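Down below is the structure, laid out as structure tokens.
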Amino acid sequence: MLWKETDYAGWARVHKARGNVARPERSTQLTRLMEEAPAPAYGMLRSYNDSPLNDGGAAIDMTRMDKILHFDPETGVLEVEAGVQLGDLIRLFAPKGWVPAVVPGTGFPTVGGAIAHDIHGKNHHVLGSFGQHVLSVTLLQPGGKRVEVTAESDAALFRATMGGIGQTGVIVSAKLQMIPTPGNGMTVKETRVGSFDEFLALLDGSDYRYNVGWIDSTATGSALGRGIFEEAELSGGPDKAGGAPALPVPINLPGFALSAPTVKTFNALYWRKVPARGRTHVMSIAQHVFPLDKLHDWYRLYGKRGFHQFQCVVPLQNASVLKEIVQKIARSGLASPLAVIKRMGEGRAGMLSFPMEGYTLAIDFPARDKAETLIKALEAMTVEAEGRLYLGKDALASGDQIKGMYPEWEAWAAQAAKADPDGVLITDIVRRLQLREIGK
Amino acid sequence: MSTWIILGATSSMARAFAREMAETGAAVLVAGRDMDDLRALATDLDARGAAAAAALYFDAGDPATFAPIVKVLGATEGKVSAAVFVGWMPSQAEIDANPSLIDQVGAVNYTGPARFLHELAPLIEERGGTVVGVTSVAGDRGRFSNYVYGSAKAGFATYLSGLRNRLNRSGAHVVTVKPGFVDTSMTWGVEGMFLVAAPSAVAKSIAKAVEKKKNVIYTPGFWWIIMTIIKLVPERIFKKLSF
Ligand SMILES: Cc1cc2nc3c(=O)[nH]c(=O)nc-3n(C[C@H](O)[C@H](O)[C@H](O)COP(=O)(O)OP(=O)(O)OC[C@H]3O[C@@H](n4cnc5c(N)ncnc54)[C@H](O)[C@@H]3O)c2cc1C
Ligand SMILES: NC(=O)c1ccc[n+]([C@@H]2O[C@H](COP(=O)([O-])OP(=O)(O)OC[C@H]3O[C@@H](n4cnc5c(N)ncnc54)[C@H](OP(=O)(O)O)[C@@H]3O)[C@@H](O)[C@H]2O)c1
């Protein structure tokens, strides 16, 4: 197996790494690697931060381990290698009446990455997180030990693996329970929302299975928190479930491209795109759930320095803190147009899973010193609201802040130590947050 | 129904092309030496929509493995198409140290696949179908750093040109594919790679060439310009270059 010394980076380009990367094309190669030179794995590098990176060390690129191992059209149970991308699963299986139960806001992530961050989607309030639909997962641990784990066979290892940022072993394959769909489409209802409080009321009252809100992060005063609420259901319609081919962003854009005036204008137009009385239309599943996949490599919009995504979830009763957070962002004028709000249910499958019942907000900031200071303040507000930050996105919180948000982290670290006693799977995020240093 | 046989199917480029064909609903047979991987691939193709899928043993260096495959194809119904992705590129330095490798490079990249196609040609003439032969831009001109591999690819390209002429008489078609640099295990970690294309993009362009009955394609397409320029460099200058 050949190693390649290469540069790679988290999606937001703030964290970068250089090191030897192996890219097995078949399972015998992967097994040999884990026997002879075990290393942490990564997928499509769609995590924003240093979660998939091992700067100065070795890593395994899992994207070529992408075979479908078994599909049962009767039950919707699908077994796949970890490098399969979720968007491909929608394209292939929606026409047969099944889709993955949980998908994120982009179709590129792999099943391995979806498990390692126990991802959530627009239907979290109904179906919970990705790991809750994993029937079993097969791990290859350092030394080449192969274990198939279910929630029953070894609950602690299973819960340490779902959302476990790859520290319990390389995920080789997984068995997933998909959900039925009547077709390749989604019927989407869009509503204009005038204010933050109106948004919360709509989120609380929605009985759609998929919903998400877009907030105009520049609006202030009485328009604070205005936006568009999208509610959707799987439906028939288009003859294909995939999206249109993506347009490339060929170069890094200069810094002014996302300056405050541009963003403000864009947002105002976006908000008015939906008529005041609302509208309903049918589109392909991918067009609705993966809106950003229309642009390839869109991190380049933020120029060379990259960007940050701040994502928090706060418990329902502390929604007022979330409003203060939105206010602080609006006043700063530092944010990009991409702000998303959603109500989450309780569903989570692992010890380090992000979700909790409450409201989650996700928003991008071009990487500037001022933005970093602001994000740190928002993080402190999240702590105060007894909320959580997302390990697949956050780049700035301290280890103590994160550990405080994830009370099971020590139980998780113990499982990681058992699976990987020599620490060969440790990645940059684990080092930065000292997540595997128990008792220090 | 139409059946594809994919030779060298453990290659990521071949795998991507086999998936393209599976999604059109063809039956896809995958052949090569790593039977575990090929059987897993057959299951994958089945789930992706192939009318049928199975793994067969093929070793370019062992002609005894050819006839059984032709026999399996003979037992199918409808058009028979073949895609050859088999290839092997030891470094020129390894070859210089061990010239007997030249025989194997010739067998894997040229004579093995050509003999297989020769044994299969009568069936394609009878039933109709398409042959895809993957050669390389390296075959367009012998270069200091890669001329043994390049010459084998050139031999295969010339064979394909003649086979196209022959099969054209019965209405069957041959597509010669000349990839530039592709991001596969052959090039992973090899120095001096640039403008490296994704195997899935190359597979899509091959599928399109099959549909449009193209004769010779460079993929990605811009390699046609690069190779036209390289071919135009006069020999007295070219012999002094070392790339
Ligand atoms: C535009 C966009 C929208 C997004 N929307 C959402 C969203 O709505 N909800 C959400 O939850 N997330 C969202 N994300 C985040 C994304 O879903 C996660 O970061 C996901 O983990 C990325 O998967 P990946 O294959 O790219 O993994 P990577 O980013 O490459 O890796 C993620 C983690 O998984 C580990 N890992 C990957 N593969 C394996 C393996 N085979 N074995 C062991 N460990 C492995 C890595 O070590 C790393 O810790 C979004 C990201 C983007 C860019
Ligand atoms: N990558 C590039 O940049 C590039 C550029 C131009 C042309 N090409 C050509 O594209 C084709 C695909 O190559 P690739 O890049 O995908 O590399 P690859 O992964 O090394 O694929 C080569 C394939 O040939 C098979 N093979 C080698 N020797 C064989 C033998 N004796 N019998 C049967 N099969 C044999 C391999 O099978 P095993 O798994 O059994 O070894 C493998 O399936 C090759 O013809 C290559 O020359 C590649």
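The values are calculated or read from the model by the stated rules, or taken from the named source; none is laboratory data. Keep in mind the model is a prediction, meaning the values are calculated, not measured. So basically every Cβ, Gly included, is an ideal-geometry build from the backbone, and we count neighbours across all protein chains shown.
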Quick one: which of A:Ala335, A:Ala286 is of a type in the set (A, V, I, L, M) and assigned to a helix (DSSP H, G or I)? A:Ala286
Residues located in the stretch A:87-128, provided they are under 18 Å from A:Gln311 (Cα atoms) and touching a Ser or Thr at 6+ places or on another chain (Cβ under 6 Å): A:Asp118, A:His120
Selection count, the stretch A:101-127, where residues are more than 12 Å from ligand 1 (Cβ to nearest atom) and touching a Leu at 6+ places or on another chain (Cβ under 6 Å): 1
Every pair of residues 6+ apart whose Cβ atoms lie under 6 Å, when the first sits in the stretch A:83-97 and is touching a residue at least 12 places away in the same chain (Cβ under 8 Å) while the second is in a loop (DSSP other than H, G, I, E, B) and hydroxyl-bearing (Ser, Thr, Tyr): A:Gly83/A:Thr63; A:Ala94/A:Thr181
Could you please give the count of residues in the stretch B:180-226 that are away from chain A (no Cβ under 14 Å), outside any helix (DSSP H, G or I) and either farther than 28 Å from A:Gly19 by Cα or within 16 Å of ligand 1 (Cβ to nearest atom) (or both)? 10
Please find, within the stretch A:13-45, the residue that is nearest to the other protein chains (Cβ to nearest Cβ) out of those that are within 18 Å of the chain's Cα centre (by Cα) and surrounded by fewer than 23 Cβ atoms within 10 Å (Cβ to Cβ). A:Met44
Here the residues within the stretch A:412-440 that are at pLDDT 95 or above, over 23 Å from the mean Cα position of the chain (by Cα) and among the aliphatic types (A, V, I, L, M) are A:Ala414, A:Ala417, A:Ala419, A:Val424
Looking only at the stretch B:161-181, which residues are within 16 Å of B:Glu125 (Cα to Cα) and within 16 Å of ligand 2 (Cβ to nearest atom)? B:Val174, B:Val175
Condition first: under 16 Å from B:Gly87 (Cβ atoms) and either away from ligand 1 (no atom under 16 Å from the Cβ) or not in a helix (DSSP H, G or I) (or both). Can you find one or more residues in the stretch B:227-236 that meet it? no
Scan the stretch A:412-428 and tell me whether some residue there is polar (S, T, N, Q) and not in a helix (DSSP H, G or I). yes
Suppose the filter is under 29 Å from A:Pro238 (Cβ atoms) and either touching a residue at least 24 places away in the same chain (Cβ under 8 Å) or of a type in the set (D, E, K, R) (or both); does A:Val172 pass it? no
The residue that is farthest from the other protein chains (Cβ to nearest Cβ), considering only those in the stretch A:81-117 that are touching a Lys or Arg at 6+ places or on another chain (Cβ under 7 Å) and crowded, with 20+ Cβ neighbours inside 10 Å, is A:Gly113
Of the residues A:Ile375, A:Ile325, only one is in a helix (DSSP H, G or I) and closer than 21 Å to A:Arg46 by Cα; which? A:Ile375
Being touching a Phe, Trp or Tyr at 6+ places or on another chain (Cβ under 8 Å), assigned to a helix (DSSP H, G or I) and surrounded by 21 or more Cβ atoms within 10 Å (Cβ to Cβ) is the filter here, so list the residues in the stretch B:121-148 that pass it. B:Ala138, B:Gly139
Check A:Gly143 against each of (1) more than 16 Å from ligand 2 (Cβ to nearest atom); (2) within 14 Å of chain B (Cβ to nearest Cβ) and name the one condition it does not meet. (2)
Residues (among the polar types (S, T, N, Q) and either surrounded by fewer than 21 Cβ atoms within 10 Å (Cβ to Cβ) or near ligand 1 (Cβ under 8 Å from one of its atoms) (or both)) located in the stretch A:46-62: A:Ser47, A:Ser51
Looking only at the stretch B:224-237, decide whether some residue is over 25 Å from B:Ala93 (Cβ atoms), surrounded by 12 or more Cβ atoms within 10 Å (Cβ to Cβ) and within 11 Å of ligand 2 (Cβ to nearest atom). no
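Yes/no matrix, rows are residues, columns are (1) surrounded by 22 or more Cβ atoms within 10 Å (Cβ to Cβ); (2) more than 16 Å from ligand 1 (Cβ to nearest atom); (3) more than 30 Å from A:Asp207 (Cβ to Cβ):
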| site | (1), (2), (3) |
| --- | --- |
| A:Gly345 | no, no, no |
| A:Phe354 | yes, no, no |
| A:Gly358 | yes, no, no |
| A:Phe365 | yes, no, yes |
| A:Met381 | no, yes, yes |
| A:Lys393 | yes, no, no |
| A:Trp409 | no, no, yes |
| A:Pro421 | no, yes, yes |
